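**Q** Next up is a structure, given as structure tokens.
The values are calculated or read from the model by the stated rules, or taken from the named source; none is laboratory data. Everything quoted here is computed from the prediction, not taken from an experiment. Counting neighbours? That spans all protein chains shown, and the Cβs are built from the backbone with ideal geometry, glycine included.
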Amino acid sequence: MKRQKLGKAHPEVAITMNNLAMLYASLGREPEARLWFENALKLPGNSLGKSHPNTLAVKRNLQKVKTTSPMRAVKIPRKPGKR
């Protein structure tokens, strides 16, 4: 939705894609996370540049997903009797 409104070259689109990737990583869905990180780095017209802090953050996050054990979401215990 944000991509349609702002266009592919807008920095907010890459930030949103990074956030989606982090969500997938936290859920243990590393392949999807990697895809979102990689797509955020490949956006056409990425005006931030390779050394911008946001670009570097996406690269670091992608590297973490590639090299570390799966990030897992914390399970919240259910109250007894609740389903």
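**Q** Being of a type in the set (A, V, I, L, M, F, W, C) and at pLDDT below 80 is the filter here; which residues of region 29-83 pass it?
**A** Hits for region 29-83 are LEU43, LEU48, MET71, ALA73, VAL74, ILE76.
**Q** Turning to a different aspect of this structure: Considering only residues of region 22-44 that are assigned to a loop (DSSP other than H, G, I, E, B) and in contact (Cβ under 8 Å) with a residue 40 or more places away in the chain, which is surrounded by the fewest Cβ atoms within 10 Å (Cβ to Cβ)?
**A** Going through the qualifying residues, I end up with GLY28.
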